[in-house]
There are 2 protein chains.
Amino acid sequence: MDDLNVTSDKRTHNWLDTLRSSGYRLTEPRQAVIDILAKSQRALNATEIFDLAREEYPSLGLVSVYRTLEKLEELELIQKVHHPDGCQSFIAGFTGHQHLLICQVCGQTEFFEGDDLAPLIEHVSRESGFTIEEHWLQFFGLCAKCK
Amino acid sequence: MDDLNVTSDKRTHNWLDTLRSSGYRLTEPRQAVIDILAKSQRALNATEIFDLAREEYPSLGLVSVYRTLEKLEELELIQKVHHPDGCQSFIAGFTGHQHLLICQVCGQTEFFEGDDLAPLIEHVSRESGFTIEEHWLQFFGLCAKCK
DNA sequence: TTGATAATGATAACCGTTTTCATTACGCGG
DNA sequence: CCGCGTAATGAAAACGGTTATCATTATCAA
């Protein structure tokens, strides 16, 4: 638990730095949103972030959540998570786009490498005549705790 | 072009049969929506289907488009397509869930097999402790015509 | 052909997101 | 450390896509 907190504190710090060096101000509403996202193990939508962040910073407005999400996504600090029940949730990304493994019960999300995809991409590309430039890969299942 | 039409006519016929045998009535609004989807090579959203179908069947209501999409999806005749710019488009599926290859310029969509995924799933599963039950895979790129 | 009822289209309601705008507070320059 | 320009904020209203309501229509089994 301590490890997680250290990690999320570091992440919060890095995000604030990135915001500053991109010319954005460090405001309390932004920090409130960032605190929540930096330590979440699952994807959250605007309303969920709003509710959680308000516990610490009650004057937060929902609009600021939307605006902060916009900027964090633009800076590639978070990424949108597509899910059968909606596609408006966000999760912290370590290094830009990554592949996700999502627990269908608790929502806990992990990242994984998908290098093994190269041959498949090669094969599909040759077969279809397409030039493949991007790919999305997500796995859904049950995490160790939920099964 | 003739081949495409024959195929889409067959598909239309199959869909209408499936609707009937599931206890749904065969109505003109439904046929109008199905005609459009059965022959489209790219994913369409409700408004696009509405506009296209109205060219042939002008009294069609938008609500019927939504209701028909609901039923076709439930019967697994169409599937939702997730895209960076929205996740409310649908395309005809051949056999339930399949992997998609989408042209970023014209939207033309093809299906491909992803059997090569098995080893990756196995590996991620062992590493993470998850039981993996479902996966999503999509490729984006440029089709032969658009590149 | 008839009748029960599934399905329709028009309208209004709904809800998540965006826009507007007067007010606040961040952070640079002095 | 203070004051000022302006980015950022929160409240409220607007917006747009989807869903619910309801009187009317049309499908299809008997």
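The values are calculated or read from the model by the stated rules, or taken from the named source; none is laboratory data. As the structure is a prediction and not an experimental result, all values here were calculated from the model. We place every Cβ from the backbone using ideal geometry, glycine too, and count neighbours over all the protein chains shown. These accessible areas exclude ligands, DNA and RNA; they are computed on the full protein's heavy atoms, side chains included. Shrake-Rupley method; radii C 1.70, N 1.55, O 1.52, S 1.80 Å.
Say whether the condition of being within 15 Å of DNA strand D (Cβ to nearest atom), out of contact with any helix residue (DSSP H, G or I) (no Cβ under 6 Å at 6 or more places or on another chain) and closer than 30 Å to residue A:138 by Cα is met by at least one residue in region B:2-21.
Initial filter on region B:2-21 (within 15 Å of DNA strand D (Cβ to nearest atom)): B:12-13, B:15-21.
Restricting the remaining residues to those that are out of contact with any helix residue (DSSP H, G or I) (no Cβ under 6 Å at 6 or more places or on another chain) gives B:13, B:16-21.
The next check asks that each one be closer than 30 Å to residue A:138 by Cα; those that pass are none.
Taking every residue of region B:2-21 in turn, none turns out to be within 15 Å of DNA strand D (Cβ to nearest atom), out of contact with any helix residue (DSSP H, G or I) (no Cβ under 6 Å at 6 or more places or on another chain) and closer than 30 Å to residue A:138 by Cα.
For region B:88-120, which positions are at the interface with another protein chain (Cβ under 7 Å from one of its Cβ atoms), farther than 20 Å from residue A:133 by Cα and open to solvent by less than 20 Å² (accessible area, probe 1.4 Å)?
B:120
Report, by residue number, each residue of region B:96-121 that is charged (D, E, K, R) and touching a strand residue (DSSP E or B) at 6+ places or on another chain (Cβ under 9 Å). Spell out how you get there, then give the answer.
Here is the first cut: in region B:96-121, the ones charged (D, E, K, R) are B:110, B:113, B:115-116.
Within region B:96-121, B:110, B:113 qualify.
Has region A:74-83 got at least one residue that is in contact with a Pro (Cβ under 9 Å, 6 or more places away or on another chain), among the basic types (Lys, Arg) and at negative phi?
Residues of region A:74-83 in contact with a Pro (Cβ under 9 Å, 6 or more places away or on another chain): A:80.
Checking which are among the basic types (Lys, Arg) leaves us with A:80.
Narrowing the set further to residues that are at negative phi leaves A:80.
Within region A:74-83, one or more residues are in contact with a Pro (Cβ under 9 Å, 6 or more places away or on another chain), among the basic types (Lys, Arg) and at negative phi.
Which of the residues belonging to region B:72-108 are under 12 Å from residue B:138 (Cβ atoms), within 16 Å of DNA strand D (Cβ to nearest atom) and part of a strand (DSSP E or B)?
Correct list: B:79, B:80, B:81, B:82, B:83, B:87, B:91.
Which pairs have Cβ atoms under 9 Å, sit 6 or more apart or on different chains, and link a residue in region B:121-140 that is facing chain A (nearest Cβ under 7 Å) and part of a strand (DSSP E or B) to one that is aromatic (Phe, Trp, Tyr) and open to solvent by 30 Å² or more (accessible area, probe 1.4 Å)?
Correct list of pairs: B:136/A:136; B:137/A:136; B:138/A:136; B:139/A:136; B:140/A:136.
Within region A:53-75, can one find any residue that is within 25 Å of residue B:80 (Cα to Cα) and among the β-branched types (Val, Ile, Thr)?
no
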